[in-house]
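These notes concern the structure reproduced below.
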Amino acid sequence: MRLVAIYTKDHFLFSESLVNLGGKYIYNIQYKQENKYEVIRTPNSNYIENFWSNNISLVSAIVGENGAGKTSVFRNLNKIFSPYDRQDRMFDAIFIFENLLEDSYCYFSEKFEIDEVTKIQRNQIETIYYSPVIDYDLTDINSPISLIYHYSDSISTFYLQNIQRHLFFLKNTELVENLKKSYDHFPFYEKLIIKANSLYKDDFEKVYIQTTIGNNFYRVRNDLMELAKYKPYCFSSEDAVEEYFNNHKGVQEELHEIWDIYKNSEETSHLLHDGKDFKKNLEVNLLSFLVINDTFTMNNDNGGYDFNKILEAENFTDKLHHFFNKYIIQTSKFFYNVLLNGKDELNIKDSEILLEELKNNNNLIKGKISGFEKVYINEAIKKHIIIFKNILDFIEQINQFIDDDSTTEFEGGLEIDIQKLDLEAFNKFIKTYEFLKDELTDSLPNKSRDILEIRSTKKLSTGEKALIDLYSSIYDYLKALRDHQYNENCIFLLDEADLGFHPEWKKRYINALTTTLPILINSLKDKIKNIQIIFATHDPLTLSDIPNTNVVYLKKEPATTKVLSEGEKPTKSFGANITDLLADSFFIKDGLIGDFAKEKIDYLIKYLNGDESSLITDKIEAKKIIDIIDEPVLKYKLEDMYFEKFPEEYNKEKEIEELMRKAQELGLNIQR
């Protein structure tokens, strides 16, 4: 079935209104009594059976200027029929649907009744809303394909999720090849680049300055108390300070000692690395974040750990193991000793065992540490174990990419062929990376929170991103995200999805949708039998593909929005010339000339008519403006006015034209 008409009785934006979307019949809905209505339908003389393509029963457009209420229409449709929207669904409206296999219709309404007409259930129809706009006001339109649905509080996270959707879609070469028939230069990219992000040392040192003073207070106090308790023989002020600094370095010093191990060139000394060695660059990024986060692990029950063990470790994995022990003992020396259980040091690879021991040692800890503090320390140590386990997993995943035949190493990074890429492994890698970003980089400015730089080899324009975002979002939802049975009847609500498209792409928009969506739908196991597309736009260019009976025109008025009747709306759409569509006052008021040019021309006319209010006061400026006008009739008329005001200029102009003509006869190319 397909949605063909909507009757609205009461809405904050619309007065009582009825819209027809271009079905086999034109519908009129009339009030009878109380909540009873009747439907009168007449054949739509412009309706053509199977006009669009297989599986697509109807394509309609909602057109209006900014603020006319196009998104509000979609919001209400989605609120009623989306399986993802759980908001209050009461809406004073009647929705008329035509059955595709028989010449009959049915309806859905929460409040109203139509005698002798079948009333359908809400779950027989499904809407899927898409908007390319990242706007907080759209968060209440719960749709798993709209871009705002994927947006978190991080631009970089949103960007990575977009890449994942793009890759999932681009690996379907059949669908991409069909899209290329409509879009010759479809934004297809074949390679991904992974590099260690170039981070500024200053950003890390700022965090140190902001956090060290408070933490050092606890360090000094607690450690001097330890010395007083266990080593009273050395508790002179000099010995205590010396003992303290043997085991505890300042965070800034620790950072510089790490950076000295990974020393880079003079030109890039303000950065953590020079970008030349991918693995070393990644290592210094991770270790720098671990030093900064070490600032926040202080607790009353902390112990010391010799930082020199980290510096002297032979390889990166050993450095991680020492950092791991440092984090745990600084959180709680008592817990650390419990977890050691006779071992020399803790090992990250034993993370599962350590988590289990942490869980099972409550009785041993009972009475040693107060209840609240025990819970806090327990959770902190558990968090450290999970973080370091994920760092090891992350490095292992990177090494697997390096060894995989989809990857080529180059100076400073990896290049990955997306057609050979194991998407499941890549998505797992991104999940681990996102976790580490959230846990390790929170203390730094936004620009420095990316450990890696992940991007395509092709820089996409705004329009290219808009196009690939549209198709990859729909594809990702239908093929991967869907968490319920497919509905037989699906309405795609596309809210200005062509924003950012070049006019040439706008021309192809409808043809591409009607060509590729059926291919995508047919690839599903649980097939959607019927697709309907309703798109919103304020651009008349796409309307040349839509019959006028399928177009709903919304006109913004001071206090409300008006749905134009058949007699009020523009008369042309399907196959119409774009200039004819633009010339209609519904789209452009006061002609097709830009307001800036129109204002200049108005001042020019005032000047030529002797009006002193004109901002143009010089005949040279007036002539230059006339010379750059490209509309021939207007230009001719203004020249006529100019020479009438300055007849001597007319004679000069004729002399110049005559000299130019003679020069050309002599073979001279003289520019005026």
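Test Phe324 against the criterion of being among the hydrophobic types (A, V, I, L, M, F, W, C) and modelled with pLDDT of 85 or more, and give yes or no.
The answer is yes for Phe324.
Look through Leu414, Leu436, Leu460 and report the one residue that is modelled with pLDDT of 90 or more, surrounded by 14 or more Cβ atoms within 10 Å (Cβ to Cβ) and not in a helix (DSSP H, G or I). Let's see the steps before the verdict.
Values: Leu436 fails: not in a helix (DSSP H, G or I); Leu460 fails: modelled with pLDDT of 90 or more.
That would be Leu414, the only listed residue that is modelled with pLDDT of 90 or more, surrounded by 14 or more Cβ atoms within 10 Å (Cβ to Cβ) and not in a helix (DSSP H, G or I).
Residues checked against (1) on the phi < 0 side of the Ramachandran plot; (2) surrounded by fewer than 18 Cβ atoms within 10 Å (Cβ to Cβ); (3) at pLDDT 85 or above:
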{"residue": "Thr8", "(1), (2), (3)": "yes, no, yes"}
{"residue": "Phe12", "(1), (2), (3)": "yes, yes, no"}
{"residue": "Glu49", "(1), (2), (3)": "yes, yes, yes"}
{"residue": "Phe91", "(1), (2), (3)": "yes, no, no"}
{"residue": "Leu100", "(1), (2), (3)": "yes, yes, yes"}
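Only residues that are among the hydrophobic types (A, V, I, L, M, F, W, C) and touching a residue at least 40 places away in the same chain (Cβ under 8 Å): list them for the range 403-434, please.
Leu414, Ile416, Ile418, Leu421, Leu423, Phe426, Ile430 - these are the residues of the range 403-434 that are among the hydrophobic types (A, V, I, L, M, F, W, C) and touching a residue at least 40 places away in the same chain (Cβ under 8 Å).
Go through (1) part of a loop (DSSP other than H, G, I, E, B); (2) modelled with pLDDT of 90 or more; (3) more than 16 Å from Ile194 (Cα to Cα) for Leu444 and report which single condition fails.
Checking Leu444 against (1) part of a loop (DSSP other than H, G, I, E, B); (2) modelled with pLDDT of 90 or more; (3) more than 16 Å from Ile194 (Cα to Cα), the one that fails is (2).
Inside the range 605-629, can you point out the residues that are among the aliphatic types (A, V, I, L, M), in contact with a Lys or Arg (Cβ under 9 Å, 6 or more places away or on another chain) and surrounded by 14 or more Cβ atoms within 10 Å (Cβ to Cβ)?
Leu608, Ile616, Ala622, Ile625, Ile626, Ile629
For the range 58-89, which positions are closer than 24 Å to Asn123 by Cβ and modelled with pLDDT under 80?
Ser82, Pro83, Tyr84, Asp85, Arg86, Gln87, Asp88, Arg89
I'd like the full set of residues that are acidic (Asp, Glu), in contact (Cβ under 8 Å) with a residue 12 or more places away in the chain and not in a helix (DSSP H, G or I), limited to the range 250-294.
Selection gives Asp277 alone.
Do we find that Ile391 is among the hydrophobic types (A, V, I, L, M, F, W, C), under 20 Å from Phe324 (Cα atoms) and touching an Asp or Glu at 6+ places or on another chain (Cβ under 9 Å) in this structure? Write out each step before concluding.
Details: among the hydrophobic types (A, V, I, L, M, F, W, C): yes; under 20 Å from Phe324 (Cα atoms): yes; touching an Asp or Glu at 6+ places or on another chain (Cβ under 9 Å): no.
Taking the combined requirement at face value, the residue does not satisfy it.
Do you know which of the residues in the range 31-73 that are assigned to a loop (DSSP other than H, G, I, E, B) and farther than 29 Å from Leu517 by Cβ is farthest from the chain's Cα centre (by Cα)?
Looking only at the range 31-73, we keep the residues that are assigned to a loop (DSSP other than H, G, I, E, B), and these are 34-35, 44-52, 54-55, 65-69.
With the extra rule that they be farther than 29 Å from Leu517 by Cβ, the set shrinks to 34-35, 67.
Working: Glu34: 47, Asn35: 43, Gly67: 23 Å.
Selected residue: Glu34.
Select from the range 540-563 the residues that are of a type in the set (A, V, I, L, M) and touching a residue at least 12 places away in the same chain (Cβ under 8 Å) and list them in ascending order.
Going through the range 540-563, the residues of a type in the set (A, V, I, L, M) turn out to be 541, 543, 546, 551-552, 554, 559, 563.
Hits for the range 540-563 are Leu541, Leu543, Ile546, Val551, Val552, Leu554, Val563.
Could you give every pair whose Cβ atoms fall below 7 Å, whose first residue belongs to the range 312-328 and is more than 13 Å from His384 (Cβ to Cβ) and in the same structural domain as Phe388 (by the TED database), and whose second residue is part of a helix (DSSP H, G or I) and of a type in the set (A, V, I, L, M), counting only separations of at least 6 or pairs across chains?
Listed by first residue and then by second, the contacts come to Lys319/Leu287; Lys319/Ile310; His322/Ile310.
The values are calculated or read from the model by the stated rules, or taken from the named source; none is laboratory data. Treat the numbers as computed from the prediction; the structure is a model and nothing was measured. When we count neighbours, we look across all protein chains shown, and the Cβ atoms used for this are built from the backbone with ideal geometry, even at glycine.
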